[in-house]
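Notes follow the structure.
Coordinate-derived values only; no laboratory data. The model shown is predicted, which means the values in this text are computed figures rather than measured ones. Here the Cβ positions follow ideal geometry from the backbone for every residue, glycine too, while neighbour counts run over all protein chains shown.
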Amino acid sequence: MTFAKLKRPALPLGPAGLMSAGLTLILGVGCKGSSSDDRPTRTPAPAPPLGPAPAPSTQPRVSQMIPASGAAGTEVTLVGGNLQDITEVRLNGAKVQGVRLVGPERLVIPIAQGMTSGTFHLTARGGGEAVSVVFTVAATPVSRRAFLTAPIVQNRVFPGDSAPELKLHPNHPGFHLLDCPEPMRTNQYRLLYFPKAPIFHAYHPFQDNVRDGKVTGTLCTLAIKLPPAFQVILPSRLSRELARLGFGDSQVDLFCVSQDMPYADDTQYLFRPHSWTDPEAPDWGTYAQTRNVEVGLYGTRGDLQFVGHHADAFFPASITVHGPGQVVSSPNNLRVDLLDHKRSRTFWSLTRMGNRAAATLHLLLEDTDQAHLEALASSVTSFQDLLARVEASPLAGTPAGLALKGLMAPRIYGVSLDSRVEHGLRELTLHGSGFTGATQVEVLESDLTRAVQATAVDVQSDTLLKAKVPDATGRLAAVPPCTVTTPLGGTETGPEA
């Protein structure tokens with residue numbers, strides 16, 4: 001069995017991970033104890049024998065499994081040593097396809113549709129069974145595909161209709177907000193209708209430094225809470241951070257939030273996770289909470305960062321939500337650098353508080369893109385309708401349009417190519433996510449200079465695809481890079497090399 005070799009940083013080891021994996025490790029050897037009343041005569045220990053130290057064991061071993069349970073589409077990572085000698089993985093006796101090696105210490109096993117809870121048996125070179133570990137296949141959660149039917153909740157609001165300080169004209173027509181799949185607006189800063197998700201705004205969000213023509217602080221038109229199935233589209237560095245923290249799907253809230261950039265001074269923007277940490281805080285009262293968080297930015301291409309921190313930093317901070325009187329977010333820390341209101345930006349943030357985290361896709365829109373989104377907001381009915389209308393609007397091809405389309409991008413976890421050639425064709429099997437509706441599959445030849453288009457593409461499920469690939473001359477690698485194109489999510493190449 002041949003595995004694709006990937007370069008990835010090591011995953012964390014530790015007792016907590018071992019417990020979650022359901023593995024029992026014996027960390028010593030048994031010996032007979034003795035009481036103080038029955039103590040053997042002490043004799044000098046014999047001198048150690050001369051000669052070279054014994055060679056370290058080359059037997060494959062598993063010390064951690066992440067996660068210990070998951071639904072179809074989950075990737076299970078086995079961490080240990082000498083895993084390069086594993087030649088076959090079986091679950092309940094059935095050979096698992098798409099297994100890949102990530103260095104000698106890591107083996108990744110995709111959980112495909114139809115798999116059931118049981119025991120992974122790993123066979124080592126020479127036919128010896130190396131290790132067995134138990135895995136629980138959980139009920140399949142809402143998939144990305146199923147989420148397409150999630151309703152969009154439209155809500156026409158009139159920010160500032162009772163607050164003249166917001167600089168709204170009395171006859172202002174108001175705005176349409178798009179929440180999915182349910183209303184998710186906070187009471188804090190009630191007149192601005194902020195979502196229960198991390199956002200960016202000025203220290204005084206109502207009117208600080210608002211540009212001419214802007215009537216109020218930042219307007220968050222779109223607020224989507226995504227199901228855990230969308231974790232597959234997180235930036236790789238963000239995914240690694242969640243793995244390092246040991247967070248499972250149920251501990252991570254996923255959001256996609258849009259907002260305009262109304263401030264003339266682009267240095268006014270502060271990162272505000274407060275409406276996620278305290279979503280039920282009131283608009284007015286004696287409320288007071290201090291939260292210790294860790295925060296970071298991802299997918300910024302290195303040109304956006306927190307002031308005083310490098311672009312890749314994930315660092316601790318203290319924030320408060322407090323009264324008395326109007327309940328506000330404080331302090332004025334977590335300021336971001338290099339934003340420009342003339343340029344739309346998309347990127348991710350990660351906020352950790354205790355044993356929970358929020359991963360948020362931010363769409364910060366310049367004025368024209370914001371106007372296009374507002375034009376769609378009065379008639380969108382579902383998540384799929386939103387994606388289709390964005391693709392047919394001037395937002396298509398913009399950073400915001402590409403980021404929304406990327407939510408449905410296919411992901412390739414594993415590739416296997418049958419060694420048999422029949423009528424000049426070899427069978428290709430892809431494991432991943434988001435394959436539904438795939439219109440084209442291409443395979444790169446081993447020299448990576450030419451793509452071969454697959455035929456007879458058979459999408460067996462959203463996570464499993466089979467196709468036939470011409471290879472009469474044997475120019476394809478054992479695990480070739482593949483490209484899948486879908487109508488909703490665009491094109492994805494994988495697995496990661």
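Things worth noting here:
- Look at the alpha carbon pairs under 8 Å that are at least 6 residues apart: their mean separation over the length of the stretch 411-494 gives a relative contact order of 35 percent.
- Inter-site label distance for Asp367 and Ser117 at 7 Å from Cα along Cβ, in nm: 5.9
- The charge dipole of the stretch 149-406, taken about its Cα centre with unit charges on the Cβ atoms of Lys, Arg (+1), Asp and Glu (-1) only, comes to about 420 debye.
- Taking every alpha-carbon pair within the stretch 149-406, the share separated by more than 36 Å comes to 7 percent.
- Highest-first packing order for the peptide set 411-423, 304-316, 179-191 is 179-191, 411-423, 304-316, based on the mean count of other beta carbon atoms within 10 Å.
- FRET efficiency for the Glu294 to Glu422 pair, using the beta carbon distance and R₀ = 51 Å, is estimated at 0.40.
- Residues in the stretch 396-427 reached by a label modelled at Gln460 [backbone nitrogen below 14 Å; 7 Å Cα→Cβ]: 414-418, 427
- A convex hull fitted around the alpha carbon atoms of the stretch 411-494 yields 75 Å³ per residue.
- For the stretch 332-473, radius of gyration divided by Kirkwood radius, i.e. Rg to Rh on alpha-carbons: 1.11
- Antiparallel DSSP beta bridges within the stretch 149-406, percent to nearest 5: 80
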